[in-house]
Structures are given as C-alpha cells and as structure tokens.
Amino acid sequence: MTELSNQQTLSTPMTNIDDRSELLARLAAEAADERKGSDIVLLKVGDVTVLADYFVLVSGYSKVQVRAIARSIEQKIEETMNLKPIRSEGFAEGSWVVEDFGDVIVHVMMPQEREYYGLESFWGHAARIPVGEF
C-alpha cells in the first residue's frame, strides 16, 4: 500500500485509487460536490496533452459560489494531500477560477463562461472519468 493510500480517510469509491493524479482529481470533484457544484466532469487529458493528467470542470451559479467551490477544493486538497495550487487565477472576478495543482487543473466556472469557452468540446477527445456519488 502506498503512503497516500494509508492517509486516505475518504469515501469508499476513492479508497482503492492508486494513481495520485486521479486521487487529486477526485478529491477536487468531491470538494466541489460538497459546495453544491454542478455538472462536475473529470477529463483524463494526460494522453492528449502535457499540460496536466486531469482537468476537473465544475459549474457554480453565482460568483460567490464559484469562489466558495474553489476555496473548498483548495482546502480539501491541502488537508488531505498537503498540496497547495501552483497557481490560482480568477478569484477577484469570480466567474471563472482556475487552480493549477500540476497534475490536475481545476476550472470552476459560471454556466455562461463554461458554455462560451466549451472546454468539454475542446478536449472532447480526452476520456471522461465517471464521478459517481460522493
């Protein structure tokens, strides 16, 4: 068992995850779900780009909610994996917050921005990872 696996105190679906990047992506998705984020999508982009292994896409319905979701993700990952984002952008404006954790890039967006920029379509050739219930 890896060191990460020993530290996990997560729900059943995540306890068997050996891939650090996937665990990080699922933690972000779980934190987003806890803050009532919607349309949560995990894209495994590592096979199609060197930018990251996973993108996590989440919708929030107000700027306050977008910021709260992003902060919750940051806090959960720091508490669970002792990891802070390399870079965060968009907190001041609040309609699209991007958090770069290296292997995982999280996009928390208002529905208008998400539809306009169409990241799911742009990265449509990446595998979608089922999120499931948390």
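The values are calculated or read from the model by the stated rules, or taken from the named source; none is laboratory data. Keep in mind that this is a model prediction, so the values were computed, not measured. Positions of Cβ are backbone-derived with ideal geometry, glycine not excepted, and every protein chain shown enters the neighbour counts.
Quick test of your reading of the structure: residue 128 fulfils all but one of (1) surrounded by 12 or more Cβ atoms within 10 Å (Cβ to Cβ); (2) assigned to a helix (DSSP H, G or I). Name the failing condition by number.
(2)
Within the range 82-102, does at least one residue satisfy the condition of being in a strand (DSSP E or B), in contact with a Lys or Arg (Cβ under 7 Å, 6 or more places away or on another chain), surrounded by fewer than 16 Cβ atoms within 10 Å (Cβ to Cβ) and of a type in the set (D, E, K, R)?
yes
So, residue 69, is that one within 16 Å of residue 35 (Cβ to Cβ) and without any contact (Cβ under 8 Å) to a residue 60 or more places away in the chain or not?
When the stated conditions are applied, residue 69 passes them.
Return yes or no: is residue 32 of a type in the set (A, V, I, L, M), in contact with a Lys or Arg (Cβ under 7 Å, 6 or more places away or on another chain), in contact (Cβ under 8 Å) with a residue 12 or more places away in the chain and outside any strand (DSSP E or B)?
no
When you go through (1) farther than 25 Å from residue 19 by Cα; (2) of a type in the set (Lys, Arg); (3) modelled with pLDDT under 95 one by one for residue 67, which number turns out not to apply?
That leaves (3) as the condition not met.
Looking at (1) under 20 Å from residue 21 (Cα atoms); (2) without any contact (Cβ under 8 Å) to a residue 60 or more places away in the chain; (3) within 13 Å of the chain's Cα centre (by Cα), which is the only condition residue 50 fails?
(3)
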